[in-house]
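Below is one structure, written out as structure tokens; comments come after it.
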Amino acid sequence: MTAPTLASVPRDVLRRHLGSEGVCLRIPPFTARIRSPIPIVGEGLATLYAEYELLPSDGTFADFHVAVVYGRRFPKALCVFEMDGLRPFTPLAVGEAFAFLEWGLNWCVTGYCHTLISIHAAVLERHGRVLIMPAPPGSGKSTLCAALLLNGWRLLSDEMALLDPRTGLILPAPRPVSLKNQSIEIIRQLAPHAIFGPLARDTMKGTVAHMRVPSDSLARAAEPALPGWLIFPRYLPESPARLVARAKSEGFMQLAENSFNQNVHGRPGFEALSDLVARSDCYDFTYSRLAEAIEVFDRLPLPP
Amino acid sequence: MNLPAIDLLVDALLAPTRLTQLDAAQWDLLIRQGRNADLLARIASVCTAHALLEQIPARPRRHLEAAAKLALRQRREVYWEVEQIADALAPTGLPVVLLKGAAYAVAELPAAEGRMVSDVDILVPRQHLVAVESALMMKGWVSEAKSAYDQRYYRTWMHELPPMRHFRRGTVIDVHHAILPLSARWHPSSEKLLAAALPVAVNELDELDKLDGRIMVLAPEDMLLHSATHLFQEGELAHGLRDLVDIDSLLRHFGTADAFWQVLVPRAVELELSRPLFYALRYANLMLGTPLPESVVQAAVNAPGGRQPGAFLAFMDSLFLRALRPAHATTSDRLTALARWQLYVRSHWLRMPPSLLIPHLARKALTISR
Amino acid sequence: MSLNTSRRDERWVCRRRADFALRNWPDGSVLFDEANGQLQRLTPAAGGMMALFLDTPEWTSCTLAQRIFGEIPAAEDIELVANALASFQSLSLIERLPD
């Protein structure tokens, strides 16, 4: 028996549920109850979360109750993200409502899920080993991530590595891949069949669109995997793709800096991060052309 | 009065064995309410004490564990912070008298179990305020109040310095010279509180042997009275239920000694704090079932500020029993926000002459809406 | 360069051994301080020195230099170690014992 997915709900019914009691979605490894009267949110969910499991409205435990609702003061012009009545962010334009939901969900995970160590990084897997790419915005991390998952890598997350400190494994948290500005067109050309959600223009990050997760990555969301590579990517105009080994102690510090909550974990957190670095090959990676980059990653030797 | 149930949350704190029978929907509600009330880590510690954590379904359990991890880490770092403060204040020759969460942590009281504590509060004699402030500044703490208005407001009317944040660690210290504002109706003597403070032997710190009895906490009855004052006179209701849980925990812990009950009410009278004590006892007992000796309840009623006309008490009940609930849609009715607001205004009446009331409230409202 | 005798005999202790966790790689080490959650990156030499403190809490510049450089350390070696010890102190990792 296969579980019902969001695709099984007609759009008008989905919109009605979103506007009232909300819909419960399994967004591995979490469950969220999502509410929103804003049409663009329903549109984004229907497009990008079609294959995610839909859970019954009654009797379901949800990790987070989230909503994106119209702001009170400027009806229909601004929207706010709510987590259970809490409003952690300033309002955004209604056109950004779906992207706001995505950012809000990230905040829920990094702010509350302290049984895991969360690290700001794009995360993919191949041959059973995980590639972790921690990087600041503007490094081309998401573009690279999208290109790799369209070329045989499994997506674990484009936004955060979830390290289970007890097992040393990375848990998949596959969610739509966030792309910005020119990257949207670049990836569209690379994969004409990729499905994109609503375009949010003029956000603080520029124009943002999300790309649907490949079915296979979602289907394998319950399979954690062992870290294998820790790579710090940097987009450098006109530069050839270049992989340079990086000192592990330095890689460790940068990994820790990109972690949202390693400080909460104390010594076990330190040991888990150290183990991750110890079993991963560490590199700096600079590139300007995606095709070259993909080739380099295809040839990455498997770590011990 | 017909209020939405918080039975789940209170049950989880008092009779956790029933937690093993909750269904998914009840867990959903409990985790939301507990998170909102800042009590998830407390629930986790109660469950651990009853060896129940393993029996809780994995999905809600990880939220309890996550909160417990955070609380544990905060507690660990509070020890370090206290040591840094003691170092910084060494030149003043003053002891470090800790209040609230940091005090519960270093005194290793049950109230510290699963309690979040991010800031450190200390009490110093008013005449040494300047020396304490400069000693802290020497070691990297910087005042958080940026505007001249804020500085003047704190220094003229408040019982504490503006919060000071350490420039490198980002940690915050609140330096109090009294437990109620200067402008308040009552003036509990800080000298009396400081004179009765007790040194704590902090295992976590004493390996260094250099603190030498300089870390102190208020005497048990004063600690309880301060907690009651904080909640019932200061209008700090954002975490009302959590603060009531503190009071409940202190009463249950210190209450095992008869001497505590004998001195509690007389001390409250001496410090002009019998009114907040009356409320603390009343609402801890009503909401959390805190056991109280009948003689103490009677003494509190007979103390100044204790006996109140029935109608007035019913009114206060209707305010407090609403406001002390966690601010969450499932625990609130339509009057909750109003009750909180009335109590907020009440606390301002209690701590400031009415002529001051408008400018400060107006300014706060302006700041929020900006 | 002459080394005054007091410096070579300064006694140093790592009282908070239980708070520290150290991970060494050939390119350097990372040190975690459980008491305050702080992380430090250390050079291989400093990492090695810290490892010695975690193993044995008390050293002088001289005994430490002996252990690191061999039987008879040169004055320069002791001076290097003494400087490293002073910077460890500034990071609250070790303390100087009274003479």
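The values are calculated or read from the model by the stated rules, or taken from the named source; none is laboratory data. These figures come from a predicted structure and were not determined experimentally. Quick reminder, even Gly has a Cβ in these numbers, built from the backbone with ideal geometry, and neighbours come from all protein chains shown.
Here is a yes/no grid of residues against (1) buried (at least 19 other Cβ atoms within 10 Å of the Cβ); (2) in contact (Cβ under 8 Å) with a residue 60 or more places away in the chain:
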site: A:Ser20; (1), (2): no, no
site: A:Val23; (1), (2): yes, no
site: A:Ile40; (1), (2): yes, yes
site: A:Tyr52; (1), (2): yes, yes
site: A:Gly59; (1), (2): no, no
site: A:Gly85; (1), (2): no, no
site: A:Val94; (1), (2): yes, no
site: A:Gly104; (1), (2): yes, no
site: A:Cys108; (1), (2): yes, yes
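Among B:Arg62, B:Arg32, which is the only one that is free of Cβ contacts under 8 Å to residues at least 24 places away in the same chain, within 12 Å of another protein chain (Cβ to nearest Cβ) and part of a helix (DSSP H, G or I)?
B:Arg62
Quick check on my filter: what residues within segment A:122-178 are of a type in the set (S, T, N, Q), modelled with pLDDT under 95 and part of a loop (DSSP other than H, G, I, E, B)?
Once the filter is applied, which keeps residues that are of a type in the set (S, T, N, Q), modelled with pLDDT under 95 and part of a loop (DSSP other than H, G, I, E, B), segment A:122-178 yields A:Ser139, A:Asn151.
Output the number of the condition that A:Arg35 fails; it satisfies all remaining conditions of (1) of a type outside the set (Ser, Thr, Tyr); (2) within 14 Å of chain B (Cβ to nearest Cβ); (3) out of contact with any helix residue (DSSP H, G or I) (no Cβ under 8 Å at 6 or more places or on another chain).
It is condition (3) that A:Arg35 fails.
Return the residues of segment B:273-304 that are assigned to a helix (DSSP H, G or I) and closer than 20 Å to B:Ile179 by Cα; say none if nothing qualifies.
B:Ser274, B:Arg275, B:Pro276, B:Leu277, B:Phe278, B:Tyr279, B:Ala280, B:Leu281
Of the residues that make up segment A:231-244, is at least one touching a Cys at 6+ places or on another chain (Cβ under 9 Å), over 30 Å from A:Leu199 (Cβ atoms) and of a type in the set (A, V, I, L, M, F, W, C)?
No, every residue in segment A:231-244 fails to be touching a Cys at 6+ places or on another chain (Cβ under 9 Å), over 30 Å from A:Leu199 (Cβ atoms) and of a type in the set (A, V, I, L, M, F, W, C).
Can you tell me how many residues within segment A:1-18 are touching a residue at least 40 places away in the same chain (Cβ under 8 Å) and of a type in the set (S, T, N, Q)?
Number of matching residues: 2.
With the requirement that a residue be within 23 Å of the chain's Cα centre (by Cα), outside any strand (DSSP E or B), more than 30 Å from A:Gln189 (Cα to Cα) and among the small types (Gly, Ala, Ser), what does segment A:257-301 give you?
A:Gly269, A:Ala272, A:Ser280
Would you pick out the residues in segment A:221-252 that are away from every other protein chain (no Cβ under 14 Å) and charged (D, E, K, R)?
A:Glu223, A:Arg234, A:Glu238, A:Arg242
If a residue must be touching a residue at least 60 places away in the same chain (Cβ under 8 Å) and crowded, with 23+ Cβ neighbours inside 10 Å, how many such residues does segment A:260-279 contain?
Within segment A:260-279, residues that are touching a residue at least 60 places away in the same chain (Cβ under 8 Å) and crowded, with 23+ Cβ neighbours inside 10 Å number 5.
Quick one: A:Leu92 ticks every box in (1) more than 18 Å from the chain's Cα centre (by Cα); (2) assigned by TED's automatic domain parsing to the domain that holds A:Val264; (3) not aromatic (Phe, Trp, Tyr) bar one, so which box is it?
So the condition that A:Leu92 fails would be (2).
List the number of the failed condition for B:Ile85; all other conditions in (1) more than 14 Å from chain A (Cβ to nearest Cβ); (2) under 18 Å from the mean Cα position of the chain (by Cα); (3) under 30 Å from A:Gln262 (Cβ atoms); (4) of a type in the set (Val, Ile, Thr) hold.
So B:Ile85 meets the others, but not (2).
Hey, can you tell me all the residues within segment C:17-35 that are at the interface with chain A (Cβ under 9 Å from one of its Cβ atoms) and either assigned to a loop (DSSP other than H, G, I, E, B) or polar (S, T, N, Q) (or both)?
Answer for segment C:17-35, where residues must be at the interface with chain A (Cβ under 9 Å from one of its Cβ atoms) and either assigned to a loop (DSSP other than H, G, I, E, B) or polar (S, T, N, Q) (or both): C:Asn24, C:Pro26, C:Asp27, C:Ser29, C:Glu34.
May I ask you to say which residue of B:Ala105, B:Ala197 is touching a residue at least 24 places away in the same chain (Cβ under 8 Å) and over 15 Å from the mean Cα position of the chain (by Cα)?
B:Ala197
Give the residues of segment C:36-65 that are acidic (Asp, Glu) and part of a strand (DSSP E or B), sorted by residue number.
Hit for segment C:36-65 is C:Glu58, nothing else.
I'd like the full set of residues that are assigned to a helix (DSSP H, G or I) and either farther than 22 Å from A:Leu45 by Cβ or at pLDDT below 95 (or both), limited to segment A:216-256.
A:Lys248, A:Ser249, A:Glu250, A:Gly251, A:Phe252, A:Met253, A:Gln254, A:Leu255, A:Ala256
Given the conditions (1) modelled with pLDDT under 90; (2) within 14 Å of another protein chain (Cβ to nearest Cβ); (3) not in a helix (DSSP H, G or I), and given that C:Met1 satisfies all but one, which numbered condition is not satisfied?
Status for C:Met1: all satisfied but (2).
For B:Ala58, state whether it is surrounded by fewer than 20 Cβ atoms within 10 Å (Cβ to Cβ), over 18 Å from A:Asp84 (Cβ atoms), hydrophobic (A, V, I, L, M, F, W, C) and out of contact with any strand residue (DSSP E or B) (no Cβ under 9 Å at 6 or more places or on another chain).
Yes: the conditions hold for B:Ala58.
Anything in segment A:54-68 that is more than 10 Å from chain B (Cβ to nearest Cβ) and at pLDDT below 95? List them, or say none.
The answer is A:Ser57, and nothing else.
B:Val172 versus (1) closer than 24 Å to C:Gly37 by Cβ; (2) at pLDDT below 80; (3) under 18 Å from the mean Cα position of the chain (by Cα): which is the lone unmet condition?
For B:Val172, the exception is condition (2).
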